[in-house]
Amino acid sequence: MSEEGRTATVVADVHLTEVGYRRALVHLSALRLRYVAPMLTAVVFASVASGDSGAGVLSIYSFVGFLLIVWAYVEWQVRSPVNRSIYEPVRYEFAEDGVSYRTTDGEGEIPWSSIVRWRVAAGHYVLHAAWGAFLLLPDDSLVVGTPEDLETLLRAHVARGPRGRAR
(Lines give C-alpha, C1' and ligand atoms only; values in the text may rest on other atoms or scores of the structure.)
Protein backbone atom coordinates (compact mmCIF):
# COMPACT_ATOMS: atom_id res chain seq x y z
CA MET A 1 0.00 0.00 0.00
CA SER A 2 1.19 3.50 -0.67
CA GLU A 3 1.51 6.16 2.00
CA GLU A 4 -1.84 7.76 1.09
CA GLY A 5 -3.63 4.45 1.73
CA ARG A 6 -4.26 3.75 -1.93
CA THR A 7 -3.29 0.50 -3.58
CA ALA A 8 0.14 0.44 -5.17
CA THR A 9 0.62 -0.18 -8.87
CA VAL A 10 1.56 -3.78 -9.58
CA VAL A 11 3.79 -4.65 -12.54
CA ALA A 12 4.17 -8.15 -13.98
CA ASP A 13 6.62 -9.20 -16.66
CA VAL A 14 4.97 -12.29 -18.11
CA HIS A 15 6.81 -14.82 -20.19
CA LEU A 16 4.45 -17.79 -20.32
CA THR A 17 5.96 -21.24 -20.84
CA GLU A 18 4.37 -24.31 -22.41
CA VAL A 19 4.63 -26.17 -19.10
CA GLY A 20 2.91 -23.38 -17.17
CA TYR A 21 0.22 -22.92 -19.81
CA ARG A 22 -0.45 -26.67 -19.87
CA ARG A 23 -0.69 -26.83 -16.06
CA ALA A 24 -3.14 -23.94 -15.98
CA LEU A 25 -5.29 -25.39 -18.78
CA VAL A 26 -5.41 -28.83 -17.14
CA HIS A 27 -6.38 -27.22 -13.84
CA LEU A 28 -9.10 -25.11 -15.47
CA SER A 29 -10.38 -28.12 -17.44
CA ALA A 30 -10.59 -30.17 -14.27
CA LEU A 31 -12.60 -27.40 -12.61
CA ARG A 32 -14.98 -27.14 -15.55
CA LEU A 33 -15.42 -30.88 -15.94
CA ARG A 34 -15.40 -31.88 -12.27
CA TYR A 35 -18.87 -33.46 -12.47
CA VAL A 36 -18.13 -35.74 -15.42
CA ALA A 37 -16.15 -38.35 -13.48
CA PRO A 38 -18.76 -38.83 -10.73
CA MET A 39 -21.56 -39.06 -13.30
CA LEU A 40 -19.72 -41.64 -15.39
CA THR A 41 -18.84 -43.57 -12.22
CA ALA A 42 -22.52 -43.66 -11.27
CA VAL A 43 -23.37 -44.97 -14.75
CA VAL A 44 -20.72 -47.70 -14.45
CA PHE A 45 -22.03 -48.78 -11.04
CA ALA A 46 -25.63 -48.72 -12.25
CA SER A 47 -24.68 -50.80 -15.31
CA VAL A 48 -22.76 -53.36 -13.26
CA ALA A 49 -25.53 -53.53 -10.62
CA SER A 50 -28.11 -54.22 -13.31
CA GLY A 51 -26.02 -57.12 -14.58
CA ASP A 52 -25.22 -55.42 -17.89
CA SER A 53 -21.43 -55.62 -17.82
CA GLY A 54 -21.19 -54.55 -21.47
CA ALA A 55 -22.65 -51.15 -20.63
CA GLY A 56 -20.23 -50.82 -17.70
CA VAL A 57 -17.23 -51.57 -19.90
CA LEU A 58 -18.53 -49.16 -22.53
CA SER A 59 -18.89 -46.48 -19.86
CA ILE A 60 -15.30 -47.03 -18.72
CA TYR A 61 -14.05 -46.76 -22.30
CA SER A 62 -16.16 -43.61 -22.74
CA PHE A 63 -14.56 -42.06 -19.67
CA VAL A 64 -11.04 -42.91 -20.83
CA GLY A 65 -11.88 -41.59 -24.30
CA PHE A 66 -13.24 -38.39 -22.78
CA LEU A 67 -10.02 -37.85 -20.81
CA LEU A 68 -7.96 -38.46 -23.96
CA ILE A 69 -10.02 -35.91 -25.89
CA VAL A 70 -9.55 -33.31 -23.15
CA TRP A 71 -5.80 -34.00 -23.05
CA ALA A 72 -5.56 -33.79 -26.85
CA TYR A 73 -7.39 -30.44 -26.79
CA VAL A 74 -5.05 -29.08 -24.12
CA GLU A 75 -2.00 -30.25 -26.08
CA TRP A 76 -3.41 -28.69 -29.26
CA GLN A 77 -3.91 -25.38 -27.43
CA VAL A 78 -0.38 -25.49 -25.99
CA ARG A 79 1.40 -26.44 -29.22
CA SER A 80 -0.79 -24.82 -31.88
CA PRO A 81 1.11 -22.50 -34.23
CA VAL A 82 -1.87 -20.15 -34.06
CA ASN A 83 -1.31 -19.69 -30.32
CA ARG A 84 2.46 -19.05 -30.50
CA SER A 85 1.93 -15.36 -29.70
CA ILE A 86 0.80 -16.32 -26.19
CA TYR A 87 4.44 -17.12 -25.38
CA GLU A 88 5.67 -13.64 -26.33
CA PRO A 89 6.73 -11.46 -23.37
CA VAL A 90 4.10 -9.05 -22.04
CA ARG A 91 4.36 -6.38 -19.38
CA TYR A 92 1.14 -5.76 -17.45
CA GLU A 93 0.67 -2.78 -15.15
CA PHE A 94 -2.26 -3.02 -12.76
CA ALA A 95 -3.41 0.31 -11.33
CA GLU A 96 -6.57 1.91 -9.98
CA ASP A 97 -7.63 3.07 -13.46
CA GLY A 98 -7.22 -0.31 -15.21
CA VAL A 99 -4.70 -2.69 -16.68
CA SER A 100 -2.23 -1.54 -19.29
CA TYR A 101 -0.07 -3.90 -21.29
CA ARG A 102 2.91 -3.66 -23.58
CA THR A 103 4.12 -6.27 -26.07
CA THR A 104 6.63 -6.22 -28.91
CA ASP A 105 3.68 -5.50 -31.22
CA GLY A 106 2.24 -2.55 -29.30
CA GLU A 107 0.44 -1.52 -26.19
CA GLY A 108 -3.09 -1.07 -24.91
CA GLU A 109 -5.46 -0.69 -22.00
CA ILE A 110 -7.94 -3.11 -20.48
CA PRO A 111 -10.60 -1.45 -18.33
CA TRP A 112 -11.43 -3.18 -15.05
CA SER A 113 -15.01 -3.55 -16.28
CA SER A 114 -13.74 -6.00 -18.94
CA ILE A 115 -12.38 -8.39 -16.33
CA VAL A 116 -15.31 -10.37 -14.95
CA ARG A 117 -13.63 -12.94 -12.74
CA TRP A 118 -10.28 -14.01 -11.35
CA ARG A 119 -8.83 -17.06 -9.65
CA VAL A 120 -5.55 -18.70 -8.79
CA ALA A 121 -4.88 -21.93 -10.70
CA ALA A 122 -1.73 -24.04 -10.90
CA GLY A 123 0.60 -21.24 -9.86
CA HIS A 124 -1.03 -18.66 -12.15
CA TYR A 125 -3.47 -15.82 -11.70
CA VAL A 126 -6.24 -16.34 -14.26
CA LEU A 127 -8.16 -13.19 -15.16
CA HIS A 128 -11.30 -13.96 -17.18
CA ALA A 129 -12.24 -11.23 -19.63
CA ALA A 130 -15.80 -10.39 -20.67
CA TRP A 131 -15.15 -11.44 -24.28
CA GLY A 132 -14.28 -15.04 -23.31
CA ALA A 133 -10.50 -14.77 -23.27
CA PHE A 134 -8.30 -14.86 -20.21
CA LEU A 135 -4.98 -13.48 -19.05
CA LEU A 136 -2.49 -15.80 -17.37
CA LEU A 137 0.02 -14.36 -14.92
CA PRO A 138 2.50 -16.73 -13.32
CA ASP A 139 2.83 -16.12 -9.56
CA ASP A 140 6.51 -15.34 -9.95
CA SER A 141 6.05 -12.74 -12.72
CA LEU A 142 5.47 -9.79 -10.39
CA VAL A 143 8.39 -7.36 -10.54
CA VAL A 144 6.75 -4.43 -8.70
CA GLY A 145 4.34 -5.09 -5.88
CA THR A 146 3.41 -8.28 -4.09
CA PRO A 147 0.76 -10.93 -4.69
CA GLU A 148 -1.19 -9.30 -1.84
CA ASP A 149 -1.10 -5.94 -3.68
CA LEU A 150 -2.39 -7.59 -6.86
CA GLU A 151 -5.14 -9.41 -4.99
CA THR A 152 -6.17 -6.17 -3.28
CA LEU A 153 -6.59 -4.52 -6.69
CA LEU A 154 -8.48 -7.52 -8.04
CA ARG A 155 -10.83 -7.66 -5.05
CA ALA A 156 -11.51 -3.92 -5.38
CA HIS A 157 -12.23 -3.93 -9.12
CA VAL A 158 -13.37 -7.40 -10.20
CA ALA A 159 -16.84 -8.50 -9.14
CA ARG A 160 -16.18 -12.24 -8.87
CA GLY A 161 -13.08 -13.50 -7.12
CA PRO A 162 -11.87 -16.96 -6.30
CA ARG A 163 -14.04 -19.42 -4.41
CA GLY A 164 -10.96 -21.06 -2.96
CA ARG A 165 -7.29 -20.27 -2.91
CA ALA A 166 -5.73 -23.58 -3.91
CA ARG A 167 -2.25 -22.84 -5.17
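The values are calculated or read from the model by the stated rules, or taken from the named source; none is laboratory data. Computed from a prediction, not measured in an experiment: that's the story for all the values here. Here the Cβ is made from the backbone with ideal geometry for all residues, glycine too, and neighbour counts use every protein chain on show. Note: areas computed on protein heavy atoms with side chains; ligands, DNA, RNA excluded. Shrake-Rupley method; radii C 1.70, N 1.55, O 1.52, S 1.80 Å.
Measure nothing but the geometry: give the 0 to 90° angle between the long axis through the Cα atoms of 147-157 and the longest principal axis through the Cα atoms of the chain, rounded to 10°. Approximately 90 degrees, to the nearest 10. Computed from the C-beta positions of residue 15 and residue 35 and an R0 of 41 Å, the FRET efficiency is 0.75 to the nearest 0.05.
Just to make sure I understand: if all protein chains stay in place, what is the order of 32, 84, 119 by accessible area at 1.4 Å, largest first? Kindly include the intermediate steps, with their values, before the conclusion.
Working: 32 190, 84 100, 119 45 Å².
Sorted by accessible area, descending: 32, 84, 119.
Using alpha carbons only, how many degrees (0 to 90, rounded to 10) separate the axis of helix 18-32 from the longest principal axis of the chain? Helix 18-32 sits roughly 60 degrees off the main axis of the chain.
Looking only at GluC sites (Glu not before Pro) in DSSP loops with at most 12 other Cβ atoms within 10 Å, what is the longest site-free stretch of the chain? Intermediate values should be presented prior to the final figure.
Working: sites that count: 3, 4, 96.
In the chain, the maximal stretch lacking such sites is 5-95.
Would you please classify the overall shape of segment 75-126 from the alpha carbon gyration tensor, given that a ≥ b ≥ c denote the square roots of the eigenvalues, rounded means a/c under 1.5, and beyond that prolate means a/b larger than b/c while oblate covers the rest? Since a/c reaches 1.5 but b/c is at least a/b, the shape of segment 75-126 is classed as oblate. Rolling a 1.4 Å probe across the protein heavy atoms gives segment 30-167 an accessible surface of 61 Å² per residue.
Per-residue surface analysis assigns residue 64 an accessible area of about 70 Å², computed on protein heavy atoms at 1.4 Å probe radius. The portion of the accessible surface of the chain made up by carbon and sulfur, rounded to a whole percent, is 60 (1.4 Å probe; DNA, RNA and ligands excluded).
A dipole drawn for segment 46-161 from +1 and -1 charges on Cβ atoms has a positive end, and of 120, 72, 58 the residue lying farthest that way is 58.
Seen against the Cα atoms of the chain and their longest principal axis, helix 53-79 is set at about 20 degrees.
Heavy-atom accessible area for residue 140, with the other protein chains in place and a 1.4 Å probe, reaches approximately 130 Å².
Taking the Cα centre of the chain as origin, sum charge times position over the Cβ atoms of Lys and Arg (+1) and Asp and Glu (-1), and report the length of that vector in debye to the nearest 20.
Numbers: 16 positive and 18 negative charges, 167 e Å.
Using Cβ point charges on Lys, Arg, Asp and Glu, the chain gives about 800 debye.
For the chain, the C-alpha radius of gyration sits at 1.31 times the compact-globule guess of 2.2 N^0.38 Å, with N the residue count.
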